[in-house]
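Trainee: Just passing along the structure, written as structure tokens.
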Amino acid sequence: MSKRRKPDLSLRVHHIHEALLAGSHPTATTIARDLGVDAKTVYRDIQWMVERGLPVAYDEKSHHYRYTHDDVYFGEVELTEGELISLWLAGRHNQTFRGTAHEESFGSGFTKLRGALQAKTSFDLSELDEYMSIATAGLARNPDLRVARGVRHALMLRRELTFTYTKADGSVKERA
């Protein structure tokens, strides 16, 4: 397995933001352990968030961080051309979940992100439909959300994943 790369600032801040939104009462130590960084890095990241107006507060009694109110908008998003195309692909992929029990869960994040971007850019993601198309094959109608969350978490932390799958001929393969 390859050496684990430390996540960059945007991924670390996103992880901290998600932990604060979830109300999991994170400490600098637990965040640092989750991300594989030093607690001093987490302190700097939280200071960066505060400097940008996010209402992060330290609770002296319970020794954890929290948001001071629930309606926190974290809207600093800069995307490269490739990331913008990835966002479009995610939106197209969300269409495969229409009519399933997972439609709302998979679609809400995409909708929030797309809404935040529309306020900052004049580019309409639907324009890509004229130039690109995507088709899926063999997607389960009710995918396992635990697997999806695990994959998302591993990707955020830039961890290597190993998959075991069965090929059409019945042979079993493993791929990293």
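The values are calculated or read from the model by the stated rules, or taken from the named source; none is laboratory data. Nothing here was measured: the structure is a model prediction, and the numbers come from that model. Note: ideal-geometry Cβ built from the backbone for every residue, glycine included; neighbour counts use all protein chains shown. To get the accessible areas, we keep the full protein, side chains included, count just its heavy atoms, and leave off ligands, DNA and RNA. Shrake-Rupley method; radii C 1.70, N 1.55, O 1.52, S 1.80 Å.
Trainee: Can you give me the number of residues within the stretch 15-40 that are of a type in the set (Val, Ile, Thr) and modelled with pLDDT under 90?
Mentor: Qualifying residue count, the stretch 15-40: 0.
Trainee: Would you mind stating whether residue 158 is at pLDDT 75 or above and open to solvent by 100 Å² or more (accessible area, probe 1.4 Å)?
Mentor: Against the criterion (at pLDDT 75 or above and open to solvent by 100 Å² or more (accessible area, probe 1.4 Å)), residue 158 does not qualify.
Trainee: Would you point out the residue of the stretch 81-107, among those that are outside any helix (DSSP H, G or I) and open to solvent by less than 30 Å² (accessible area, probe 1.4 Å), that is modelled with the highest pLDDT? Before you say what the answer is, go through the steps one by one.
Mentor: Step one: filter the stretch 81-107 for residues outside any helix (DSSP H, G or I), giving 98-102.
Pick out the ones that are also open to solvent by less than 30 Å² (accessible area, probe 1.4 Å) and you get 100, 102.
On the way: 100: 73, 102: 68.
Ranking the candidates gives 100 first.
Trainee: State the number of residues belonging to the stretch 12-32 that are surrounded by fewer than 14 Cβ atoms within 10 Å (Cβ to Cβ), of a type in the set (A, V, I, L, M, F, W, C) and touching a residue at least 40 places away in the same chain (Cβ under 8 Å).
Mentor: 1
Trainee: Can you tell me which residue among 58, 67, 73, 43 is at pLDDT below 75, aromatic (Phe, Trp, Tyr), surrounded by fewer than 18 Cβ atoms within 10 Å (Cβ to Cβ) and farther than 23 Å from residue 159 by Cβ?
Mentor: Residue meeting the stated conditions: 73.
Trainee: Kindly indicate which of 50, 42 is within 16 Å of residue 9 (Cα to Cα), aliphatic (A, V, I, L, M), assigned to a helix (DSSP H, G or I) and free of Cβ contacts under 8 Å to residues at least 12 places away in the same chain.
Mentor: 50
Trainee: Condition check: touching a helix residue (DSSP H, G or I) at 6+ places or on another chain (Cβ under 7 Å), open to solvent by 40 Å² or more (accessible area, probe 1.4 Å) and closer than 20 Å to residue 157 by Cβ. Does residue 9 satisfy that?
Mentor: Spelling it out, residue 9 is indeed touching a helix residue (DSSP H, G or I) at 6+ places or on another chain (Cβ under 7 Å), open to solvent by 40 Å² or more (accessible area, probe 1.4 Å) and closer than 20 Å to residue 157 by Cβ.
Trainee: Step by step: first the residues of the stretch 161-176, then only those that are hydrophobic (A, V, I, L, M, F, W, C) and without any contact (Cβ under 8 Å) to a residue 12 or more places away in the chain, then the one that is surrounded by the most Cβ atoms within 10 Å (Cβ to Cβ). Which residue is that?
Mentor: Of everything passing the filter in the stretch 161-176, 172 is surrounded by the most Cβ atoms within 10 Å (Cβ to Cβ).
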